[in-house]
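Remarks on the structure that follows.
The values are calculated or read from the model by the stated rules, or taken from the named source; none is laboratory data. Since the model is a prediction, treat every value here as computed from it, not as a measurement. Neighbour counts run over all protein chains shown; Cβ positions are idealised from the backbone, glycine included.
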Amino acid sequence: MQINISDQTKSKLVRQKYALPDQLFEDEVAVNRQKLSSEKLIKIFDQIWEKTLKYAVETAEVCEAKKAYERIPDYSRKHFNDNQEHREFRLKELNVEFIVQLLPLSNKEYELTDIWLLRSVNIDPRRILISFDTLEDRQRFEKIADYLNQKDSELGKQLLLDFMEKFNKSSFS
């Protein structure tokens, strides 16, 4: 799969916080990205693309246009094109989800036209989303789960269910 990205798109995506979260950048860049030159923004995007995004986008799941449209922020919908391909992916290490918009150029070649950072939305009412204060805490929890031969999501679920058992069910139903 070949994914082309114009320099204009690269600089736009780095500059706009709705596209790429601060966690992808060094602290100095995250704070000052609005002020950086287009050349610097393109260089930063290329580094992030190669290090983090390229593989994630190439292996992302295709999603229906309607579903993708519903998941992106309202203010981004004017840039949504339902004639393009949409894929969703998660960067597990940062605990963030994205939808990417790709214009098919040929059978295996695409032009990336947009990326949207998805805000935590609880689509499933049975689901709870938890954010750790630091990435180190999140990684530590994952290591503990690995040590216990459990998925981190299953360990989290078990901890919450064990906690709930301490309370009288009839009082909190």
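Only one residue in V57, V62 is among the aliphatic types (A, V, I, L, M) and out of contact with any Phe, Trp or Tyr (no Cβ under 9 Å at 6 or more places or on another chain), so which one is that?
V62
Need the failing condition index for S131 against (1) surrounded by fewer than 15 Cβ atoms within 10 Å (Cβ to Cβ); (2) assigned to a helix (DSSP H, G or I); (3) not β-branched (V, I, T), just the number.
The one condition S131 does not meet is (2).
Among what's in the range 1-52 and is β-branched (V, I, T) and either in contact with a His (Cβ under 7 Å, 6 or more places away or on another chain) or without any contact (Cβ under 8 Å) to a residue 40 or more places away in the chain (or both), pick the residue that is farthest from E85 (Cα to Cα).
Checking each candidate, the answer is V31.
Tell me, which residue of the range 11-34 that is in a helix (DSSP H, G or I) and among the small types (G, A, S) is nearest to W49 (Cα to Cα)?
The residue in question is S11.
Can you confirm whether V62 is surrounded by 16 or more Cβ atoms within 10 Å (Cβ to Cβ) and assigned to a strand (DSSP E or B)?
no
I'm told E26 meets every condition in (1) surrounded by fewer than 12 Cβ atoms within 10 Å (Cβ to Cβ); (2) farther than 29 Å from R140 by Cβ except one. Can you identify the failing condition by its number?
All conditions pass for E26, except number (2).
So E50 fits all but one of (1) in a helix (DSSP H, G or I); (2) surrounded by 12 or more Cβ atoms within 10 Å (Cβ to Cβ); (3) out of contact with any strand residue (DSSP E or B) (no Cβ under 7 Å at 6 or more places or on another chain); what number is the exception?
Condition not satisfied by E50: (2).
Given the conditions (1) surrounded by 15 or more Cβ atoms within 10 Å (Cβ to Cβ); (2) modelled with pLDDT of 90 or more; (3) touching a Leu at 6+ places or on another chain (Cβ under 9 Å), report the number of the one that N95 does not fulfil.
Against the list (1) surrounded by 15 or more Cβ atoms within 10 Å (Cβ to Cβ); (2) modelled with pLDDT of 90 or more; (3) touching a Leu at 6+ places or on another chain (Cβ under 9 Å), N95 comes up short only on (2).
Tell me the residue from L102, L41, L36 that is in contact with a Phe, Trp or Tyr (Cβ under 6 Å, 6 or more places away or on another chain) and farther than 25 Å from S131 by Cα, please.
Among L102, L41, L36, only L102 is in contact with a Phe, Trp or Tyr (Cβ under 6 Å, 6 or more places away or on another chain) and farther than 25 Å from S131 by Cα.
Where residues in the range 143-173 are surrounded by 10 or more Cβ atoms within 10 Å (Cβ to Cβ) and in a loop (DSSP other than H, G, I, E, B), which of them is modelled with the lowest pLDDT?
Applying the filter and picking the extreme gives K151.
S153 is checked against (1) of a type outside the set (A, V, I, L, M, F, W, C); (2) farther than 26 Å from Q16 by Cβ; (3) touching a Leu at 6+ places or on another chain (Cβ under 6 Å) and fails just one. What number does that condition carry?
All conditions are met except number (3).
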